[in-house]
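The values are calculated or read from the model by the stated rules, or taken from the named source; none is laboratory data. Computed from a predicted model, the values in this text were never measured in an experiment. Positions of Cβ are generated from backbone atoms using ideal geometry, with glycine treated the same way; all protein chains shown enter the neighbour counts. With ligands, DNA and RNA removed, areas are computed over all heavy atoms of the protein, side chains included. Shrake-Rupley method; radii C 1.70, N 1.55, O 1.52, S 1.80 Å.
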Amino acid sequence: MANNYIAVTIGPVLDTINLASSPSALWAASYMMSMLSKNICLSLIKRKVPQEDIVSPYFDEKNVLFNRKDGVGLFHDRVIFKADNFNIKDFPAVRDEAIKNTVAYFGFTKDKDIKYFKEYFLVSAVLLENSTNPIMDSGKKLDCLELAKSFVSSQDSNPILSFYNSDDITTSPSKNDAIRIQVTDKKKGMGIENWQLLDDCRRIRSIPDIARGRGDEKKWKKYNYYAVVRSDGDRITSIIQNLKPGEIRGFSEKCMNYCAEIAKTLHEKYGGVTIYSGGDDLLALMPVEYESMEGIKNIFEFTKEANNCFIQTFKNPNQEENDEAAKKSGNHSQNISLSFGIFVAYSAFPLYEALEQSADLLFGVAKNIKNCVAICFQKHSGQSEGLIIPNKDMQEYITFHNNCIKNTSEDADEKVIYSAMHKFALFDDMFNNSAGAELENVFKNIFDGDKQKFNSFLQKDLYEFFKKLKENLNISMIKGRDKDKKDLNSHALKMEYILRIIKFFKEKAGEGE
């Protein structure tokens, strides 16, 4: 029997997300697309396509993942299934039924609204004949189909915007109440009891709510800032292109298991809200620091945990042998990892702009390097600090960061860190051009005040980390983030920026920049 498949693309994802201006609207935009993907699968099964023939995304109605009540959309925007029991000429009926069921799930049942969505959504299919790897073979064809923008004949009203921005003053005066009611009310359709965007009082969490986590925003600056987190898998294509037809569905199951696990971790341990988690992609909102049941967790620790989870999920069972072979040959191109783009901003900073900034950091910076975290802290004053931290160096950074934050003595208070920042800026040549015993003497001579001579943070912790930064760590600056600074390879400048970020975590509300 010929290996014929049908591949489907779903959109417009970015256009729909760009209509959102609040966390709940952003979630609804993403979840709507995930639900549309799921409903296409359900419609296919209704037409006697075995669920085992749906190779991507992974689909199994008995799987516990399909009964989650946290509102995490796990279905990505491309569906691939075997064409043995389906004629592509019948796909328009599948598309229309899936769209109708999706919008009804969100409360749209009027004929004019259904008509609008059928014109608005871009759902296109292509037949892949004699394909041994439908994921690879469908890529360029679906990319071309996505260029054909959908056209809505009447723009008199936009039900999506009405849904995003609606108020229901009979319940509460909060924005997006229609979303909250639709999500939590079983009678209205969704019944997502454990929606990640709800607080303990069953109200939708705003950007300030997410930023606050469980901290005191009136006391600490960090609880007035939120992070937009994006991640994307590196070198996944190297895995996909070697998949045999019978292995594709198993790979899709791994994707879904990873996405479900990381969404749960992000919410429970880091206080975040998953906007989208599908395939090897993640989009989330989270506080920069959160007090979980396991203790205080920060955004840097999340990247390390997510990357480890990703590697453990997708690595080859023979990865250890592969790693040894790669080391001997000097070829590390097959190693899988995650890249992150993280933008941290003040809670009043526009969400749409923070989304754009995080995308630039991921696709314009991190993905060009791979296996790293590109993170930028945009202060309320407009000043920013941007770093690129390789995943391999993240634990060293976390250890230094956490030691500084947990050090509540005068040895590492704000004044000491502030002083150290300016010393690195003022004496950058001396710090950059010294090594070994000479570097140790530089620290002793520059930090030579009465209180600095015996300061364990300055003379031990800071010295040892800066030495590692010069000798072993590949932490670097993000180009274009500071126009006044020219030497982005300066280790002293990198240390200054690292200290600025640490100082931010220790600042009281209303202080500093």
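Couple of notes before you dig in:
- Elements of type strands (runs of 3 or more DSSP E) contained in the range 335-395, each with 2 or more residues being touching a Ser or Thr at 6+ places or on another chain (Cβ under 6 Å): 337-346, 372-378
- Any hit, the range 234-251, residues being of a type in the set (S, T, N, Q), under 13 Å from the mean Cα position of the chain (by Cα) and within 25 Å of Lys315 (Cβ to Cβ): no
- One residue from Ile262, Ile248, Ile240 being among the hydrophobic types (A, V, I, L, M, F, W, C), open to solvent by 10 Å² or more (accessible area, probe 1.4 Å) and within 30 Å of Glu52 (Cβ to Cβ): Ile240
- If you go through the range 128-146 and keep only what is surrounded by 15 or more Cβ atoms within 10 Å (Cβ to Cβ) and outside any helix (DSSP H, G or I), you end up with Leu128, Ser131, Asn133.
- Pair list, Cβ under 6 Å, 6 or more apart: the range 357-386 residue under 22 Å from Leu473 (Cβ atoms), other residue outside any helix (DSSP H, G or I) and open to solvent by 40 Å² or more (accessible area, probe 1.4 Å): Leu362/Arg230; Ser384/Arg481; Gly386/Arg481
- Residue list for the range 424-445, filter: over 15 Å from Glu496 (Cα atoms) and in contact (Cβ under 8 Å) with a residue 12 or more places away in the chain: Ala435, Leu439, Glu440, Val442, Lys444
- Condition broken by Val49, with the remaining ones in (1) out of contact with any helix residue (DSSP H, G or I) (no Cβ under 8 Å at 6 or more places or on another chain); (2) over 15 Å from Pro134 (Cβ atoms) satisfied: (2)
- The residue list Phe117, Phe81 contains one member that is buried (at least 19 other Cβ atoms within 10 Å of the Cβ), more than 27 Å from the chain's Cα centre (by Cα) and modelled with pLDDT of 95 or more, which is Phe81.
- Among the numbered conditions (1) open to solvent by 60 Å² or more (accessible area, probe 1.4 Å); (2) touching a Lys or Arg at 6+ places or on another chain (Cβ under 9 Å), the only one that Glu61 does not meet is (2).
- Among the candidates Asn489, Asn474, the residue that is exposed (fewer than 14 other Cβ atoms within 10 Å of the Cβ), touching a residue at least 40 places away in the same chain (Cβ under 8 Å) and in contact with a strand residue (DSSP E or B) (Cβ under 9 Å, 6 or more places away or on another chain) is uniquely Asn474.
- When Ser434 is tested against (1) open to solvent by less than 50 Å² (accessible area, probe 1.4 Å); (2) in a helix (DSSP H, G or I), exactly one condition is not met: (2).
- Taken over the range 86-103, the residue count meeting the criterion of being open to solvent by 40 Å² or more (accessible area, probe 1.4 Å) and under 16 Å from Met33 (Cβ atoms) is 3.
- Residues of the range 333-350 satisfying the condition of being within 21 Å of Ser21 (Cβ to Cβ) and either open to solvent by less than 10 Å² (accessible area, probe 1.4 Å) or of a type outside the set (A, V, I, L, M) (or both): Gly341, Ile342, Phe343, Val344, Ala345, Tyr346, Ser347, Phe349, Pro350
- Residues located in the range 31-58, provided they are of a type in the set (A, V, I, L, M), open to solvent by less than 20 Å² (accessible area, probe 1.4 Å) and either without any contact (Cβ under 8 Å) to a residue 24 or more places away in the chain or farther than 30 Å from Ile204 by Cα (or both): Leu44, Val49, Ile54, Val55
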